[in-house]
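Only one structure is covered here, and it is reproduced in the block below.
Just so you know, all these numbers are worked out from the coordinates, no wet-lab data involved. Keep in mind the model is a prediction, meaning the values are calculated, not measured. When we count neighbours, we look across all protein chains shown, and the Cβ atoms used for this are built from the backbone with ideal geometry, even at glycine.
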Amino acid sequence: MIGSIFARRISSRLLLIGFVNLLVLAAVSVLGYRLTFDYVMNERMANLRTLSDRGVQVLTHFQALAAAGRLAEDRAKAQAVALLREMRKGDENYYFIDDYGLKSVLLPIRPDLEGTDVSHFRDSTGLYYVRKQKEIAQSGGGFIAYEFYRADVEAAGQKLSYIQPFEPWGWFIGIGVYLDDVHRQMALYIWRALALVIAVAAMSGLSIWLVARQITRPLAQLRLAIPQLRNAALTLPALRRNDEIGDIARSLASYRATLLENDRLQAALLSREQEERRRREEEKARRYRNALRLEQTARLVTSGEVALSIAHELNQPLSAVHHYCEGALSRLEKDTPDLPAIRGAMERASTQARRASQTIARLRSFLDRPSEHFAACSLAELVADVMRSAGETEGLADLRIENTIPASLPAFHGDPILIQQVLFNLIRNGVEAATRPDPRIRISARLRDDGLIECRVRDDGPGVPAEHVPRLFVAFVTTKSGGMGVGLNICRSIIEHHGGSLWHETPDEGGAAFCFTLRREGASDAESGLSD
Amino acid sequence: MPNQVYLIDDDEAVRDSLVWALEGEGLKVAPYSSAGAFLEAAKRETFGCVVSDIRMERLSGVDLQRRLRELGIDMPVILITGHASLVVAIAALREGAFDFVEKPVDVKYLAQRIHEGLSREDLRRTAWQRRAEAAERIASLSPRERDVFHAVAKGRLNKQIAGDLGISAKTVEIHRARVMEKLYVRSVAELIRLHLAHESRAE
């Protein structure tokens, strides 16, 4: 859990390391304190023991003298006590001796108490330490810690004494040391350790802060820079550093250069693609418009659908007129004709006659539509287009078309779709007239002296019978079983609409030929000989 | 209604002018604006001459003629066309058209053809009436008399009929006399003719 808290930021992790170091340092300090304390205590205790042993040796020496009879026992005791009193070092290390009767024998700091009962002595914790000392002595000797009056500071102090029995005289001898010294020493030690810890903490904190600043700040800057790499105005940080962060920054910079270049290329590619798509769409729309018009005019020219519908439209009112007249005539023959009724019928007949003339007016406006699609067109290209679509048309696939239109032929002025329809219709006529299974159509063109372009479509069929020639261009006259007889008529209308003419020729080499003229692009009406 | 003409044309002007012209020829004309409207009104016992335009929205004149035949309405149908096409004309006549005229209509010729068609209709009407009467009379027979009637029409003898029906020859005799009386027939030949008329109607 702590890991997850500190994992967020590198500086936090560094701080964590510093913190752990500090903890370890503190633990080491505490341990050192303990070790030092134990060492000091052991030293003191060993010292006490040595001193105590020396005291016992003094006592033993004088007791031996007494035992050998070289000294009286009292003298020996007195000399021993005197010697031990002298062996005092300052107010601290002095020997004290009590007897098992709990009377003080030697107490250098309070000689006045010597010879008195000291069994009632006790310290602030309620310990009767003299009695305790006697118990320790009787059990063979040992250490005892208690509070005792200190002469030098005139106050109670912690004291550790080593007690040894001296059985021959019924005494026990002790020597003590004041632990206040030890505590003072240890306090000093603690202060030093604390100062060290603080110094280390401060130094490591400072270095952590510096390192973090050096690492995390540029890292954070880099991190913020990454999402904005496409922003050309952005300046990357840390590029001049020669450590790993510098490497990262430089790699990022080179990656960014690639990225920007890639973006630029993609944008260029995209705009080129869009341009291409737009061009294709336009081309498609143009083709679609042309196809639509082709379809419309194809119906107009080849199937004669419009002509059929016009014929029906005209026949209906004219029939009605006829019926009204017949009915009226029939009634007028009677002796007493119902004149008002006949008058009504005649009025209705008149209405129908008007309907017929309106149909004709509509037809005229349809045929006189403006030549909005006129443009400069290449006849050779149109013929190539027609040959292509003929190849895709059922029944015309086996057709062989010889196109001998010279490439040098100037462009004509007209509606390519309509002229295409004329060509298609003439070719179809030629094919339908043919007797061979693989009909051949020859298409040629030339520029005439009068400036008109003349195109000639010739088939290798039986030709048009002489008796049919005069009626070739009359509407609704046909020699074909499936036709309406409007094709050639409408072809001629289209050509005349273009200021040209369409006629039939019987070539010497057989078959039938249909020729039409078109105006050159840029030629004026007068130039092309159009007088209308 | 001996002079009834049913005229079907979806062009109002043509329809109205033809009504005018045919009425001028003394015919009774019922105009309809579509084949569907006429088919809804027509029944088996409708008699008259149908004059219909060929080129109409939805049902054409040829379709109308075919539907009438399917319904068993055997009226003569004269078709009118805007532009004479031999192919269509032959097809229509093959389908059973009475005649085929071109627009604008020669009214005199059309009237004459209508009259011819109507005289054919008279025969159909007479036959229809006869059948209707026969059916009416046969309906008045009792079940047993009807059995005897069918058996006699099939040429069975009295004795055979008695055997077939499990009755006595004498009883057959009595039934037979009752049948002849109820059907107003005097001979077995007449009885058979009536039976045939009834059968054909029941088709």
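How far is helix A:73-86 tilted off the main Cα axis of chain A, in degrees rounded to 10, range 0 to 90? Orientation of helix A:73-86: about 40 degrees from the principal axis.
In a simple Cβ point-charge model (Lys, Arg +1; Asp, Glu -1; nothing else charged), the protein assembly as shown has a dipole of about 2140 debye relative to its Cα centre. In chain A, a dipole from Cβ-located charges (positive for Lys and Arg, negative for Asp and Glu) runs towards its positive end, and of A:120, A:421, A:21 it is A:120 whose Cα lies farthest in that direction. Computed from label points 7 Å out along Cα-Cβ, the spacing between residue A:17 and residue B:188 is 13.7 nm.
For chain A, the longest principal axis of the alpha carbon atoms and the long axis of helix A:379-392 meet at an angle near 80°.
Label positions at residue A:46 and residue A:261, each projected 7 Å from the Cα along the C-beta direction, are separated by 7.8 nm. At full extension, residue B:181 and residue B:159 could sit 5.9 nm farther apart than now, given 0.36 nm per residue minus the alpha carbon distance. As a proxy for reagent exposure, ranking A:172, A:96, B:47 by other Cβ atoms within 10 Å from fewest up yields B:47, A:172, A:96.
Only Lys, Arg, Asp and Glu carry charge here, each on its Cβ (+1 for the first two, -1 for the last two); on that basis the stretch B:6-155 has a dipole of about 800 debye about its Cα centre.
The convex hull built on the alpha-carbon positions of the protein assembly as shown has an orientation-averaged projected area of 97.6 nm². Here the alpha carbons of the stretch A:81-239 define both size measures, Rg and Dmax, at 32.6, 105 Å.
A simple packing score, the average count of other Cβ atoms within 10 Å per residue, orders the peptides A:13-26, A:46-59 as A:46-59, A:13-26, with the highest score first.
Paramagnetic label reach from residue A:156 (point 7 Å along Cα→Cβ; backbone nitrogen cut-off under 13 Å): within the stretch A:97-123, residues A:121-123.
Between the Cα long axis of helix A:244-298 and the first principal axis of chain A there is an angle of about 20°, rounded to the nearest 10.
By DSSP, the beta bridges lying fully in the protein assembly as shown are antiparallel in about 70 percent of cases. Computed from backbone phi, the HN-Hα couplings of the stretch B:68-80 come to 4, 5, 4, 7, x, 9, 9, 6, x, 10, 10, 9, 10 Hz, rounded to whole numbers (Karplus: 6.51 cos²θ - 1.76 cosθ + 1.60, θ = phi - 60°; Gly and Pro given as x). For a modelled paramagnetic label at residue B:109, 7 Å from Cα along Cα-to-Cβ, the residues of the stretch A:324-345 in reach, with backbone nitrogen under 18 Å, are A:324-327, A:330. The alpha-carbon atoms of the stretch B:4-128 define a convex hull whose volume equals 93 cubic angstrom per residue. Taking θ as phi - 60° and the Karplus parameters 6.51, -1.76 and 1.60, the scalar couplings of the stretch A:203-217 work out to 5, 5, x, 4, 5, 4, 4, 5, 4, 4, 4, 6, 9, 6, 5 Hz in sequence order, x denoting glycine and proline. Rounded to the nearest 0.05, the FRET efficiency derived from the C-beta distance between residue A:254 and residue A:35 at R0 = 56 Å is 0.45.
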